[in-house]
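Input: a single structure, listed below in structure tokens.
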Amino acid sequence: MVSVPAKFNKQDGMLKLVAEGARSVTWTPVSGSSPQVNVRIPEITNLQQTPATAAKASIRITAKDNYTFTFSSGNAREDQQLVTNTLRQWIEAAKASQSAGSPATPAANLDKGGGQSGAMAMARAIAGAAATTRSEEDTYDDAKLLKDVELQRSLLNSSPALRQRFDQALRDKPDTITIAQFATQFWGTRVHLLRSHAAEKAQGLGTYNVLSVVKPQHVDGSIKLNMTKEQIQLIFAQHPLVKRVYNENVPQIKEGEFWSRFFYSRLIKKLRGEKITDTDNLDPKLDKYLDFDDDDGQARQLTMPTVPRIIDIAGNEQNHSQKQGNRPDWTMQPNSYDKVPILRTLNRMSEKMMADVPPSDAHQHAPAGMDEETYKELQLRDLQRSEEDNRVVLKIKDQSQLFAAGQGLHTSSSAAAYAKRTPAEVLSTINHDMGKIMSARSKAGGVNLETVIGVEDDSSSEDEAKPRKVVRIGARSTRSAATSQIIKAIKQRHLHNDDHLAFHAAGSGEQAAKYGLSQELFDSLAMTHNTTVEFLHYFWSVYLSGDPDRAGEVGRLIETLDKSLDRIKAIADSAESERSAKIDLLMKENEAYAKRTGKRRRFDPTKVEGGAQAVNKMVGPLKRAIRSAKDQFEKSLHEAMAQTAALTSRTSEVVSNH
Amino acid sequence: MNAIDGTVRQVKTDDTPPPSLLAIVLDTNPHAWAHLSSTLPLSSAIANLLVFINAHLASGNANEVAVIASHSRRAQWLYPTPKGPISHHPSSNGDANGDIEMNGVSHPNGSTTTTTPAKENANKYRPFSTVENAILSNLSNLLSSTTESDLASTPTTLIGGALSLALTHIAKSTLLHSPVDPLASDNPLSALADSESVARTQRIPLTSRILIISVSGDLANQYIPVMNSIFAAQRKRIPIDILKLAGDTVLLQQASDATGGVYMKPERPEGLLQYLMMAFLPDAVARRSLVMPSAGGVDFRAACFCHRKVVDIGYVCSVCLSIFCEPNLPGNLCLTCGSYLSLRAAQTATPALVARKKKKRKRVAGTDSATPSGTPAATTPMHP
Ligand SMILES: [Zn+2]
Ligand SMILES: [Zn+2]
């Protein structure tokens, strides 16, 4: 039950949403004990709230009367949100159950007459239609999607990559987690995929030009027709003439014979829009229908009731240029049917098919026929002035006025370092330093850069070796330090293959070779990484859900993460043995070489890459992520334990007092 | 076709690398340079920088350079010297520097210092000495006009302003270089369209880059202007290179990462010249064939708009994308755009780790169902 302080008729009181039994909204004044207002949820026809920007937070409930409540607590806006959200859910639930039985109440939700307060704005129309749209939305509801096993299976089947991940994670899951829990966790992080898959599946194929699809085939000298029931229905729907011919002939002719005769008749050629030639079969029964119009009287009205002038070819008759002595125009004339029958047939087919499809470019509930919008569409807009800008203007406030933008000298991160000098000392240091170069410049006519940068390549090495307090700028040691730092950075980038193009070109084998690992090991490391990231996802989503019922799951996920660490360790171990095998092999080769030639090659085992070190370096961030998850878990567990302990001790005190 | 109207039209394509503009933002924060004075004094850094600039100018005939000082209270041109609002005295010392006016910079406090112009050194390539003279005299003017109160008021530098100056200069230079749309120059026919019998050289767009030599930390309070500049540079494909001699790294590392620039934090600042020459000299064209040094882990964290703190988990306005460090905004209104913003739903629930005891407690209906879509985002810990 929700209970918030709210004013009604300028009186203070409590607004309550009663969930028990018949749901209702009540308001009780502070002074009274029994509720003055009591509205049952199904009676509510409209719910409005003041917009978030209004000064007062209030809602208006319309049932038999209008009730306006103004929230009076310090947290008025939050209260308003809470009440409207709850009410909205209840009302929709009530509507849904109601519309199943009786027809929905006529739309009584339109805001008539503006109401008494201008600030009142429509919160949400709760029309009868809302119930149906709601149920449609519900198929995409998270909880429903998570329960739909069929859907999940179908998504897995359609995406091999996802299937692989699912199977891998399923294999690695700890036994303590049930398959149902696992599935919830797995799909919990992928609801969006389920939703889009559900939407994708919900789309069906539209109608098609069925006569062009059905083709009789010659099998063993006889004609075979493969037609489904749906196709026959579609033929009847698309070609009322065929339905008529069928009705008038079929008891006399056998069904199968009718269709095979039909598919070789002149009639079908006409319906398909092909030219009829003299060599075509004659069929006295069917040919008599040749002159009938396919779209008989009961055909739906497909053409536009009024053709806009601008695209009306027949309208050209009005401006009869021939009357002024010009030659008849031969381009824009309405054509006779026989000239290009195929075009007409196709156009007619398209019209028929499109008639069943809800238009995507128009509002679904707009009035039929040409409306204002269509009229505007057809206007030559580029000859008109551009429309007014109807974008919503964002008012960006100046941030620096809100908070002090500047930082003081003492709050800075370098405060300690800078505090050594007063501003005056800073200035004199800098000026003294710059003075040197400036005076040198004015004397010599320009700076002698060669001496200033301090690079003296002939400076002897013993000069460098002398212990100095200050390393000279540009000294050889500093330059080689810089070089090695840059070379290291370049190598690092080369290793990581930051270039995307190169990354795609290189397979995982090449990647593995760079780290000195076998491809097999590299792949299994990648797999372990994937599943561990997966479990980290589960951990955080369960951990942050705040649901006490899932508390047990969190603990089990921590165990899983521990196991992930074990798996990483196992890979590191096998990488290490792989590396020592490699070293052994190289040693043996060296021995053999030494025996053969009598010369010994220098061999440094530390130069052999790979091993546990390479693995651990790669999974460093992953390990850190696991560690931080565990740390946080342990910390909060500790706190929770302490809290429960405190709570139980307090309860026992209370008990003992009684 | 040529035979018909008797004109000869041809498009010359230039094989030489396109001219390159290097805009250097030099952080001249006196606090930081004074702090660095024992390891790398400003004067040495300037000298090293001059050598680097000369190397850049020498590596292409048409190469250009621009240097901007990002000072504690303002951003100031070092090269080229702006001619506009700066009043200059008629002086007798001749126009030694071509068309660059640099004599006498009036100061806010009214006094005027005239720097003694350097004698032209006959042994120095003239473009080099022009740049050198301009940079040195502008810098010394800037430093001598810095007051103690300027320094006392801020520990950091106006990197945002300097970055904007660099970007506007690049935009202007790019236009000056190819007044026609740079895209159109890819198509030789478009050049033909407006030419009459003149053999014209295909215009080659200027390739530009920005190098920030930074010594200050505490840049997070300029998060918004710097981020805007980064996005502008990203759009214009201008890499921002960073040479971070001192200070914390949060913001500038993102700048180089987002724009594909080079980030370097020298372990030995004394080897400055080597860093400059080796990591920052190649221009955008040359970089296509090189492996450039990598920064490794980048700190991608953002600073909140309310306190300019760098945050791990922030709350973002769905309308204007402002970032806030806490969900409790005054009046639930976005501080930047004033949109109503209920961040309560985005708050993560406190983890419940102890299973609830079976109690006869009714759940309060719909207390937290305002928006069920607010899934808490799990974050992976940052690189230290
Ligand atoms: Zn903040
Ligand atoms: Zn906003």
Among residues of the stretch A:33-91, those that are farther than 20 Å from residue A:21 by Cα, open to solvent by 60 Å² or more (accessible area, probe 1.4 Å) and basic (Lys, Arg), counted | 2
For the stretch B:315-337, how many residues are within 23 Å of residue A:80 (Cα to Cα) and near ligand 2 (Cβ under 7 Å from one of its atoms)?
-> 4
Out of (1) at pLDDT 80 or above; (2) open to solvent by 70 Å² or more (accessible area, probe 1.4 Å), what's the single condition that is false for residue A:203?
-> (1)
Count of residues meeting criterion [without any contact (Cβ under 8 Å) to a residue 40 or more places away in the chain, touching a helix residue (DSSP H, G or I) at 6+ places or on another chain (Cβ under 8 Å) and more than 17 Å from residue A:161 (Cα to Cα)] in the stretch A:175-206 = 3
Identify all residues within the stretch B:338-347 that are open to solvent by less than 60 Å² (accessible area, probe 1.4 Å) and more than 8 Å from ligand 2 (Cβ to nearest atom); write none if there are none.
-> B:342, B:343, B:345, B:346
Please go through the stretch B:150-173 and pick out each residue that is farther than 12 Å from residue B:225 by Cβ and crowded, with 18+ Cβ neighbours inside 10 Å.
-> B:151, B:154, B:155, B:156, B:157, B:166, B:169, B:170
Taking the stretch B:325-335 only, how many residues are farther than 18 Å from residue B:251 by Cβ and within 12 Å of ligand 1 (Cβ to nearest atom)?
-> 5
Please indicate, with yes or no, whether at least one residue in the stretch B:330-341 is assigned to a loop (DSSP other than H, G, I, E, B) and of a type in the set (Gly, Ala, Ser).
-> yes
Identify the single condition in (1) closer than 23 Å to residue B:32 by Cα; (2) part of a loop (DSSP other than H, G, I, E, B) that residue B:307 does not satisfy, given that it satisfies every other one.
-> (1)
When the residues of the stretch B:325-336 are filtered to those that are closer than 22 Å to residue A:76 by Cβ and not aliphatic (A, V, I, L, M), which remaining residue is most open to solvent (accessible area, probe 1.4 Å)?
-> B:328
Expected single match for closer than 23 Å to residue B:53 by Cβ and open to solvent by less than 50 Å² (accessible area, probe 1.4 Å) among B:258, B:246 is B:246
Residue that is surrounded by the most Cβ atoms within 10 Å (Cβ to Cβ), among those in the stretch B:131-149 that are in contact (Cβ under 8 Å) with a residue 60 or more places away in the chain and facing chain A (nearest Cβ under 8 Å) = B:136
Just name the residue that is nearest to ligand 1 (Cβ to nearest atom) out of those in the stretch B:278-324 that are crowded, with 16+ Cβ neighbours inside 10 Å and polar (S, T, N, Q).
-> B:322
Within the stretch B:265-276, is even one residue in contact with a strand residue (DSSP E or B) (Cβ under 6 Å, 6 or more places away or on another chain) and more than 11 Å from every other protein chain (Cβ to nearest Cβ)?
-> no
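The values are calculated or read from the model by the stated rules, or taken from the named source; none is laboratory data. The shown structure was predicted, so the numbers you read here are calculated from the model rather than taken from an experiment. Note: ideal-geometry Cβ built from the backbone for every residue, glycine included; neighbour counts use all protein chains shown. These area figures cover heavy atoms from the full protein model, side chains too; ligands, DNA and RNA do not enter into them. Shrake-Rupley method; radii C 1.70, N 1.55, O 1.52, S 1.80 Å.
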